[in-house]
């Protein structure tokens, strides 16, 4: 409960972010829950919408990948169904997440030539909602020791390649797509290996004699149906169809802790999740029979204060709307999470529980009800 001790508000800087690198959607300034008509506020948490494992990061100007890419760079149109390693890496390096017009605005036409949905809408949202220093832009983060997996063309003409790092953990994962109707390679998926996932997990994907990665076409031989795995990841209830591994369990625990923390300060918090319709890659087959499943989810985190209370930011968050003493009685922050979930085979493994292999989240929307002065 807030305690009235005088005029002014006590602010405690506190930042919670889902991931580093591409995701800088968390509030980067202090948050205070203040009683209306009462001078002193109680420090609250700025928590990124559920969609990954939360971890504390220092306040600052925000981290965006690269920044050196030319605004005129454009992806390469593939000359063959699958690019060579050198071609794939050249495509990765050509991406500029925020190409600009001569007037300094986002060049949406140029961005659309490089980004597939929902990455394109995510970048547009960043420029619409965030202050300049937090906007998405620049080149993708470099990979220290890249490894390329590519698929044979699907029946509908879709082609995919994935670039991962041989480094052991906390490295980016990029997936690009080209279609028969639009043969330019576009970024469809960008995420990060979760902190305690060994990068070797990505080195076991199965390839045929021609170097094409094997694609899973059914749930046969897997511990869980890939489609149901993604749907299960939207479930907020404690009971699951099956158990989850430690990475997913830790992410769920972080969300529950954040909700409980908000409740301590008088906020009613709701978390809603739904699957996104965009395809961001195939289900990749492991040599051991398991699979790597891409899941795309929209997550909304809503906080509503009790009558007479407000949540106050101090002007240091990424949002354009946030100015000093910006106060709201409720807000909803929405992100889009991109995850790769490992599904083990039903035989030959010590664990039958799916688990997060990579996870990242991106700001997608921010709405609020401003407090009356």
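Does residue 139 satisfy the condition of being part of a loop (DSSP other than H, G, I, E, B), in contact with a helix residue (DSSP H, G or I) (Cβ under 8 Å, 6 or more places away or on another chain), in contact (Cβ under 8 Å) with a residue 60 or more places away in the chain and closer than 25 Å to residue 297 by Cα? In short, yes. Within segment 118-128, restricting attention to residues that are more than 11 Å from residue 98 (Cα to Cα) and surrounded by fewer than 21 Cβ atoms within 10 Å (Cβ to Cβ), which residue is nearest to the chain's Cα centre (by Cα)? Looking at the filtered set, the residue picked out is 121.
Residue 357 falls short on exactly one of the conditions (1) in contact with a helix residue (DSSP H, G or I) (Cβ under 8 Å, 6 or more places away or on another chain); (2) assigned to a loop (DSSP other than H, G, I, E, B), and that condition is (2). Scanning segment 303-311 finds no residues that are modelled with pLDDT under 90, under 26 Å from residue 225 (Cβ atoms) and surrounded by 19 or more Cβ atoms within 10 Å (Cβ to Cβ). Count of segment 155-180 residues, restricted to those that are out of contact with any helix residue (DSSP H, G or I) (no Cβ under 9 Å at 6 or more places or on another chain) and either under 16 Å from residue 278 (Cα atoms) or modelled with pLDDT of 95 or more (or both), is 8. Take the residues in segment 144-173 that are free of Cβ contacts under 8 Å to residues at least 40 places away in the same chain and in a strand (DSSP E or B), then tell me which one is surrounded by the fewest Cβ atoms within 10 Å (Cβ to Cβ). Out of the qualifying residues, it is 165. Of the strands (runs of 3 or more DSSP E) lying entirely inside segment 248-324, those carrying at least 1 residues that are without any contact (Cβ under 8 Å) to a residue 60 or more places away in the chain, under 21 Å from residue 122 (Cα atoms) and under 15 Å from the mean Cα position of the chain (by Cα) are 267-275. Filtered by the rule that a residue be part of a helix (DSSP H, G or I) and either modelled with pLDDT of 80 or more or crowded, with 18+ Cβ neighbours inside 10 Å (or both), segment 219-247 gives 226, 227, 228, 229, 230, 231, 232, 247. Of the listed requirements (1) in a loop (DSSP other than H, G, I, E, B); (2) more than 17 Å from the chain's Cα centre (by Cα); (3) modelled with pLDDT of 85 or more; (4) farther than 12 Å from residue 192 by Cα, residue 133 misses just one: (1). Output yes when any residue across segment 336-353 is modelled with pLDDT under 85 and within 23 Å of the chain's Cα centre (by Cα), and no when none is. Yes, that holds for at least one residue.
Do the conditions hold for residue 126, that is, is it out of contact with any strand residue (DSSP E or B) (no Cβ under 7 Å at 6 or more places or on another chain) and assigned to a helix (DSSP H, G or I)? It is false that residue 126 is out of contact with any strand residue (DSSP E or B) (no Cβ under 7 Å at 6 or more places or on another chain) and assigned to a helix (DSSP H, G or I). In the set (1) at pLDDT 90 or above; (2) crowded, with 21+ Cβ neighbours inside 10 Å, residue 317 fails one condition alone, (1). If we scan segment 312-321, do we find a residue that is in contact with a strand residue (DSSP E or B) (Cβ under 9 Å, 6 or more places away or on another chain) and within 22 Å of residue 274 (Cβ to Cβ)? The answer is no, given that none of the residues of segment 312-321 is in contact with a strand residue (DSSP E or B) (Cβ under 9 Å, 6 or more places away or on another chain) and within 22 Å of residue 274 (Cβ to Cβ).
The values are calculated or read from the model by the stated rules, or taken from the named source; none is laboratory data. Bear in mind the structure is a predicted one, so any value in this text is a computation, not a measurement. Reconstructed Cβ throughout: ideal geometry from the backbone, glycine too, with neighbour counts over all protein chains shown.
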